Every structure is written in structure tokens, then in C-alpha cells.
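*Asks:* Below is one structure. I have some questions about it.
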Amino acid sequence: MIDWPEIRTVLLDMDGTLLDLHYDNHFWMEYLPREYARQQGIAESDAQDQLMARFTEVRGTLPWYCLDYWSRTLGMDIPSLKHELKHMIRMRPYALDFLRWLRSTDMDVLLVTNAHRKTLDLKMGEVDITGWFHRIVLSHDLDAPKEHPEFWERLQALHPFDPESTLFIDDTETVLEAARRYGIRHLLTLLQPDSSRQKRLDTRFPGIHHFDEIMPVSRP
């Protein structure tokens with residue numbers, strides 16, 4: 001699936017790619033609505049409806065990923081609430097093996113994430129993988145999410161790479177489509193970003209279940 005001799009740069013997403021998306025889905029879809037319902041004194045179903053409407057308004061934009069935005073908007077301490085579930089943060093199978101293998105090669109390895117800085121700090125406090133990357137790039141630092149062309153233009157200015165020899169792995173297809181439009185040639189998604197949900201069968205990009213499927217014993 002991957003012609004590794006052609007690859008010079010590997011860009012990796014965090015949530016749903018290297019880390020199990022179950023933590024995030026559980027927090028935003030179950031835990032937060034429950035806490036919001038308790039705070040507002042409303043039914044949990046009403047809380048879910050209200051939150052889903054707010055999520056839809058900003059999905060795919062920087063505020064969607066910003067914990068400070070949600071703290072202000074909802075009047076809740078979102079980082080503290082996320083901290084209560086930190087025991088659920090875990091890596092996906094073979095992710096660490098894949099990172100070790102990548103760093104044994106001469107490829108440039110970057111973490112590129114839409115996650116907020118407070119989210120990154122929380123998760124790296126549980127599963128610190130920062131040492132496996134040549135650079136960590138947050139969309140908030142570039143003032144554009146990965147769904148927008150400005151992200152890729154600013155990433156190129158910050159850390160030059162050749163789109164033709166770059167592999168980008170992400171679980172979100174709108175993000176992968178933005179990368180495709182920018183010209184990144186090698187694109188890959190995950191078929192089961194959340195271990196508690198069914199494997200996806202209808203992805204628009206080539207997909208893998210786990211990283212062992214693309215990890216050779218040694219690079220030619």
C-alpha cells in the first residue's frame with residue numbers, strides 16, 4: 001500500500017490515528033452532555049440536542065477544537081472535566097511500534113494535530129510520544145485548522161516538505177481531502193479510529209485497521 005522508498009516526510013494526526021478516539025467521543029457525546037444537563041437542570045436528551053446544535057455550528061473550524069472556546073461558551077471548565085477521564089487516554093495498537101520504526105529511518109516525522117494545546121498537554125501527560133517527532137505542529141499555532149488550505153500553506157512555510165514525497169495519515173476525511181487538494185500525494189486513513197465503534201467500510205481514501213499492515217521489517 002505504501003511505497004516507502006518514495007516517502008521523505010510522514011505527517012501523522014493524533015486523535016483517532018495514533019490515539020484511540022474513544023476517549024474523545026465518550027467525553028463530547030456522553031460525559032459532557034450529562035454534566036451540562038446537571039448544570040442547566042435539564043434532561044440529558046435536551047442537553048445533547050443543545051450541544052449537538054452548537055457543535056454543528058463550528059465543526060471544522062478552530063473554535064470546534066478549542067477548549068477555551070467551549071469553556072467560555074458553555075460556562076464550564078472543560079479542561080478540568082476532560083482531566084476527570086484521563087484514564088481513558090490510550091494509544092492505538094501498534095502505534096508506538098510504528099513511531100519507533102519511523103524514527104529508525106531517515107524520514108522526517110511530524111505530528112500535525114487540530115488538538116488544542118491543553119488537550120495535547122493532557123494527553124501527553126498520559127502517553128508521552130512527543131520524543132518520536134522531529135516537530136509537533138498544532139493548528140492553533142498556525143491559526144487555521146487542517147480542513148483549511150491556509151493550514152497547509154503555513155505548514156509548508158514553517159517546515160518545508162515536498163507534497164509528492166509526503167505521506168499523511170489522518171482519520172478525518174475532510175482533513176484528508178484538504179491535504180489532497182493541497183497536493184499531498186500519499187494519503188491514508190484509519191478504518192476504526194474509535195475502538196468501541198464498528199470498523200468503517202466506506203472510506204473515500206485507502207484505509208488500514210492497524211499500523212502493522214504498513215510497517216515493513218526494514219526500509220529498503
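Laboratory data are not the source of any read-out in this text; all were calculated from the coordinates shown. Since this is a predicted model, take the numbers as computed values, not measurements. Virtual Cβ from ideal backbone geometry, glycine too; neighbours counted across all protein chains shown.
*Asks:* Do me a favour and compute the ellipsoid semi-axes for the range 23-87 from its Cα gyration tensor, root of five times each eigenvalue, largest one first, whole Å. Walk me through the numbers before you get to the answer.
*Replies:* Working: eigenvalues 53, 46, 25 Å².
For the range 23-87, the semi-axes come out at 16, 15, 11 Å.
*Asks:* Let me ask you something else. Suppose only helical runs count, i.e. DSSP H with n ≥ 4. What mean residue ellipticity at 222 nm does that imply for the chain under -39500 (n - 2.57) per run, divided by all residues and rounded to the nearest 500 deg cm²/dmol?
*Replies:* -11000 deg cm²/dmol
*Asks:* What does the chain give for Rg and for Dmax, in Å, if only its C-alpha atoms count?
*Replies:* That works out to 17.7, 61 Å for Rg and Dmax.
*Asks:* OK, next. When you count, for each residue, the other Cβ atoms within 10 Å and take the mean per peptide, how do 167-175, 126-134, 4-12, 27-35 rank with the highest first?
*Replies:* Taking the mean over residues of other Cβ atoms within 10 Å, the ranking is 167-175, 4-12, 27-35, 126-134.
*Asks:* Answer rounded, prolate or oblate for the range 142-220, using the Cα gyration tensor with square roots of eigenvalues a ≥ b ≥ c: rounded when a/c is under 1.5, else prolate when a/b is larger than b/c, else oblate.
*Replies:* It comes out oblate by the Cα gyration axes.
*Asks:* Rounded, prolate or oblate, given the Cα gyration tensor of the range 61-163, with a/c below 1.5 counting as rounded?
*Replies:* Taking the square roots of the gyration eigenvalues as a ≥ b ≥ c, the range 61-163 is oblate.
*Asks:* Rounded to whole Hz and in sequence order, give me ³J(HN,Hα) for the range 56-71 from the Karplus expression 6.51 cos²θ - 1.76 cosθ + 1.60, θ = phi - 60°, writing x for Gly and Pro.
*Replies:* For the range 56-71, the Karplus-derived couplings read 4, 4, 10, 4, x, 10, 4, x, 4, 9, 9, 5, 5, 4, 5, 4 Hz, x marking Gly and Pro.
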